[in-house]
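Chemist: Below is one structure. I have some questions about it.
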Amino acid sequence: VEGGESRVLQGMHGFFSRGLRPIVIAEMTPRFADRGGASVSESFSYLSQFGYSAFVIPRLKAEYGPNPRKGFMLKRVEASDIEQAGNQEDIIFVCRNAHGEMSAEISYL
């Protein structure tokens, strides 16, 4: 949505208000903030009020080589990290479980 991520997420307010907490995946590009009228920080801030944390989805070939092992590590990220670097990043937002924990490694096929 090229910078409109915050507006899309806020449009889901009723969904989040009902206690539903799906995994959210978004492509965040700081330079598109002017187009969509919202910064990366606004999206992060909005989701954090519902208990979400953000992790960078690695670019598998670039970070793990042509034959990556099964699974990969997710790196926790803050909005300021993305905004300062200025790079496009694929982000997975995961809600903490009842114990405040979340997995930092996921498998892929």
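Chemist: What is the packing order of peptides 2-12, 79-89, taking the mean over residues of other C-beta atoms within 10 Å and listing the highest first? Walk me through the numbers before you get to the answer.
Modeler: Numbers: 2-12: 16.9, 79-89: 14.5.
Result, highest mean first: 2-12, 79-89.
Chemist: Okay, moving on. With Cβ to Cβ distances under 14 Å as the rule, what net charge do the other residues near Gln49 carry (K, R +1; D, E -1)? Each step should come with its number before you reach the end.
Modeler: On the way: positive: Arg21, Arg96; negative: Glu42.
Value of the local net charge: +1.
Bear in mind these aren't lab numbers, they're just calculated from the coordinates by the rules spelled out. Here the structure is a predicted model, which means the values were calculated and not measured. Cβ: placed from backbone, ideal geometry, glycine included. Neighbour counts: every protein chain shown.
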